[in-house]
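Trainee: Attaching a single structure in structure tokens format; questions to follow.
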């Protein structure tokens, strides 16, 4: 089983993450940021990843450190869980609609961090959650998972729908990328022989 456990403690957040890439989509979350938990559940459910995330952060200030640091720790957990990447599909993509909203996510487990993030939310807050923090989350994840990630919200009116399509599409694209390709068993899916840099 491709699993990992990460503990990341700073003066701003204390995070524990357990992940199983070959899970059934079970998510358990206790972060102090309910809307982020709703989005993390989309990754777990649609990525068929078992994901347990616990965080105690300085949410009395705001949610920024908690959201960003969970992205960082999740990136570290993903990188640890997929190991050397031999035999995986490597690339993943997904289009996900939700009513009027539609998002596209394309990713490459390239060993090189890169984020292209084209999302214009129709409002600044979803409940009390600042939508600017989604960019911080994905930047942290990309930089520590060492992946190339393109996120495009193609259309949407309802900001909740926009966010949900992004996270569902990310989960499904990740599921595709980490899937085993039996024709590539034991083979590195790269002509240069490595996906670490």
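Trainee: Against the definition (farther than 17 Å from residue 169 by Cβ, crowded, with 22+ Cβ neighbours inside 10 Å and touching a residue at least 40 places away in the same chain (Cβ under 8 Å)), how does residue 21 come out, yes or no?
Mentor: It is true that residue 21 is farther than 17 Å from residue 169 by Cβ, crowded, with 22+ Cβ neighbours inside 10 Å and touching a residue at least 40 places away in the same chain (Cβ under 8 Å).
Trainee: Can I ask one more? Is it true that residue 26 is buried (at least 22 other Cβ atoms within 10 Å of the Cβ) and under 16 Å from the mean Cα position of the chain (by Cα)?
Mentor: no
Trainee: Of 60, 46, which residue is farther than 17 Å from residue 125 by Cα, surrounded by fewer than 22 Cβ atoms within 10 Å (Cβ to Cβ) and within 12 Å of the chain's Cα centre (by Cα)?
Mentor: On inspection, the qualifying residue turns out to be 46.
Trainee: Scan region 95-107 and give yes if some residue there is more than 25 Å from residue 8 (Cβ to Cβ), crowded, with 21+ Cβ neighbours inside 10 Å, touching a residue at least 12 places away in the same chain (Cβ under 8 Å) and within 18 Å of the chain's Cα centre (by Cα), otherwise no.
Mentor: Yes, because at least one residue in region 95-107 is more than 25 Å from residue 8 (Cβ to Cβ), crowded, with 21+ Cβ neighbours inside 10 Å, touching a residue at least 12 places away in the same chain (Cβ under 8 Å) and within 18 Å of the chain's Cα centre (by Cα).
Trainee: On to the next question. On the basis of being touching a helix residue (DSSP H, G or I) at 6+ places or on another chain (Cβ under 6 Å) and closer than 19 Å to residue 42 by Cα, does residue 158 make the cut?
Mentor: It is false that residue 158 is touching a helix residue (DSSP H, G or I) at 6+ places or on another chain (Cβ under 6 Å) and closer than 19 Å to residue 42 by Cα.
Trainee: Which is closer than 23 Å to residue 135 by Cβ, at pLDDT 95 or above and out of contact with any strand residue (DSSP E or B) (no Cβ under 6 Å at 6 or more places or on another chain), of 98, 40?
Mentor: 98
Trainee: Now a separate question. Given the conditions (1) surrounded by fewer than 21 Cβ atoms within 10 Å (Cβ to Cβ); (2) touching a strand residue (DSSP E or B) at 6+ places or on another chain (Cβ under 6 Å); (3) in a strand (DSSP E or B), report the number of the one that residue 149 does not fulfil.
Mentor: Residue 149 satisfies every listed condition except (1).
Trainee: Follow-up. Do the conditions hold for residue 111, that is, is it at positive phi and either surrounded by fewer than 17 Cβ atoms within 10 Å (Cβ to Cβ) or touching a residue at least 60 places away in the same chain (Cβ under 8 Å) (or both)?
Mentor: yes
Trainee: Which residues, counting only those in region 117-133, are surrounded by 12 or more Cβ atoms within 10 Å (Cβ to Cβ), without any contact (Cβ under 8 Å) to a residue 60 or more places away in the chain and within 19 Å of the chain's Cα centre (by Cα)?
Mentor: Within region 117-133, 117, 119, 121, 131, 132 meet the criteria.
The values are calculated or read from the model by the stated rules, or taken from the named source; none is laboratory data. The structure presented is a predicted model; accordingly, all values stated were derived computationally and were not measured. Glycine also receives a Cβ, built like all others from the backbone with ideal geometry; neighbour counts cover every protein chain displayed.
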